2 protein chains.
Amino acid sequence: MKRIVEQIVAELSKSSADDGLGKGIPVGVSNRHIHLSAEDCEKLFGTGHTLTWKNDLKQTGEFAAAETVTLVGPKGVIQSVRVLGPLRERTQIEISRTDGFGLGIAPPLRDSGDIARSAGVVVAGPCGAITLKEGVICAGRHIHMQPDDAQRFGVHDRDHVTVEVPGPRGCIFKNVLIRVHPEFCLEFHIDTDEANAVGLKNGDQVKLMQCEDV
Amino acid sequence: MKRIVEQIVAELSKSSADDGLGKGIPVGVSNRHIHLSAEDCEKLFGTGHTLTWKNDLKQTGEFAAAETVTLVGPKGVIQSVRVLGPLRERTQIEISRTDGFGLGIAPPLRDSGDIARSAGVVVAGPCGAITLKEGVICAGRHIHMQPDDAQRFGVHDRDHVTVEVPGPRGCIFKNVLIRVHPEFCLEFHIDTDEANAVGLKNGDQVKLMQCEDV
C-alpha cells in the first residue's frame, strides 16, 4: 500500500515538473562509493568472495552491496564507503571534492571509466588492503536516459546541456553530460557536494534547459 | 619580491576578469566557523578569557582566532572548528549542509544574524560546554561590496543577483544577496559545499551577471 502511494506521488510530482517544456528529470545523488574488480574484491574480502546484494539502484543491474571499505589517505580516513555491484573490469572510486580534502588527495574531475592518471588511495577491507596508484575520481555530473527520452529532449549521447535547479539555492549547472542507452533510467546524477550546495536530494526534479553542443 | 609578484599577478588576473562587463569579483570560501558571545566565550575557554588574534580576514576588523571548539551533534562530531573574532552579541555557527549531515542536524539556509528557530548543537571547549538551542545556520551566499562597487555594478544593498562561475564545473548561482557597506571589501562569500561543487577556491574570480530584483 505504502509503495503504491509512493509511486502515485512520484508520478504526480513528475507530471507537475513536466509542465511547460516537459523536461523534468529526477535527481540521483551519488554518495562516495567504490566499484571493485574481482581481484581487488578477493584481496579485501577473502578468496572466492562475491558481493552480497543489499538493494537495487535505479540504473538497471546496478546494486548496493552489503560490503563496505575504509579509504585511507595521507591526511585522513573515511569509513563505511559502500561497494557497488556488479564487479567491474577495474576498481574505481568516486568521491566528492570535500571527501578529497578530508583524505588529503585531489581526485580529478572525470567521467566514469576514465581513470588514467587519476588519484590514488589505500583501500582497507576486513581481509586485507590494496594500494591504488590510480582509480579515484570526482565524477562529472551527467544525465542517464533512454533513446526515447533523448528524442523527446532533442539531445544525443555525449551532448552537453545546461540544467536548471529551482529553490532558494537555485542555480544553473553547465556542462552536464548526456548519456543515452536503452537500459538507462532517466536520472540526473550529481555528487553530495553538488546536491548539498544547491539543496537537492534524491527524487527532486530539475529541468533540462538547452543543449550546449548544437 | 615574492609579494610584489603576487600583487602583479593578482592585478593582472583581476583586469582580465574585468574584461567585458567589468564585473569580476574575488571568491572567499567560508569554512565552518563559530562567532561567540562574551558569555559563551568564558564558558568554553574560562573566566575572563578573550580571543587570541591569529590572522586577519579580508573583511575589515574580522579575524580568525587561535581558539577552536568541537561541535557535538546527535550523529557525529566535528573537531577544530575555528572561532572568528571579534566577539558578538550572540553566538552563531555557520556550517555547510554536508557538515550538518555529519552532525545529524539540519541548519536552515539563512543570512548571517538571522538565527531565530535555527538548529541547535552542543559546543565543547577546553573549559566547558554549552548547549545551543538555536544558532546554527547554513549561510546564504552573498557579495560584500563598498558603495563605489555597488554604483559600478548597478546594484543596491539587499538586491539579489546572479553570478557566473567559469570552468569545467561552471554554473550560474541565482539568489545571491548583495550587501553594501563602506567598510566591506569586495568578495563573493560561499560555503565549502558551494566551492567544492563548482571547483572554486579563495581568490578565484566570478562574474556578476545581472540584478534579479530590478
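Every number here is computed from the coordinates shown, using simple stated rules; none is lab data. Keep in mind it's a predicted model, so treat the numbers as computed, not measured. All Cβ positions, even for glycine, are placed from backbone atoms using ideal geometry, and neighbour counts span all protein chains on display.
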Relative to chain A, whose Cα atoms define the longest principal axis, helix A:2-17 and its Cα axis are tilted in degrees, nearest 10, by 60
Taking N as the number of residues in the stretch B:159-214, what value does Rg over Cα atoms divided by 2.2 N^0.38 Å take? 1.14
Tabulate in residue order the Karplus-calculated ³J(HN,Hα) for the stretch B:130-135, using 6.51 cos²θ - 1.76 cosθ + 1.60 with θ = phi - 60°, rounded to whole Hz; enter x for Gly and Pro. 10, 10, 7, 6, 8, x
Would you mind listing the distances between the A:T68 label point and the same position in each other copy? Use 7 Å along Cα-to-C-beta, nm, one decimal, shortest first. 2.4
Given the pairs A:K58/A:K174; A:K43/A:K201; B:K54/B:K174, which are separated by over 30 angstrom at their Cα positions? A:K43/A:K201; B:K54/B:K174
Hz values of 3J(HN,Hα) by residue in the stretch A:59-66 - Karplus curve (6.51, -1.76, 1.60), Gly and Pro given as x: 6, 3, x, 7, 8, 7, 8, 5
Karplus ³J(HN,Hα) for the stretch B:72-79 (6.51 cos²θ - 1.76 cosθ + 1.60, θ = phi - 60°; Hz, whole; x = Gly/Pro) runs 10, x, x, 10, x, 10, 10, 8
So how strong a dipole does the protein assembly as shown carry about its Cα centre when Lys and Arg Cβ are +1 and Asp and Glu Cβ are -1, to the nearest 20 debye? 740
Assuming 0.36 nm per residue, please report the length gained on full extension of the stretch B:D157 to B:F101 beyond their Cα-Cα distance. 16.9 nm
Considering the options A:P74, A:F101, A:H160, tell which one lies farthest towards the positive end of the dipole of the stretch A:54-166, charges being +1 on Lys and Arg and -1 on Asp and Glu at the Cβ, about the Cα centre. A:P74
Under the convention of a label 7 Å out along Cα→Cβ, give the distances in nm from A:G46 to the same position in every other copy, shortest first. 5.3
Given a 10 angstrom Cα cut-off, can you work out which residue in B:R117, B:R97, B:R141 is the most mobile in a GNM of chain B? B:R117
If we hang a label 7 Å off Cα along the beta carbon direction at A:H160, how far is it from the matching labels on the other copies, in nm, shortest first? 2.8
Hull surface divided by four, with the convex hull built on the Cα atoms of chain A: how many nm²? 13.0
Given a 10 angstrom Cα cut-off, can you work out which residue in B:D111, B:D148, B:D193 is the most mobile in a GNM of chain B? B:D148
Summing -39500 (n - 2.57) over every DSSP H run of at least 4 residues in chain A and dividing by its residue count gives a helix-only mean residue ellipticity at 222 nm, to the nearest 500 deg cm²/dmol, of -6000 deg cm²/dmol
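Per-residue mean of other chain beta-carbon atoms within 10 angstrom of the beta-carbon, peptide B:160-170?
Mean partner-chain Cβ count within 10 Å for B:160-170: 3.
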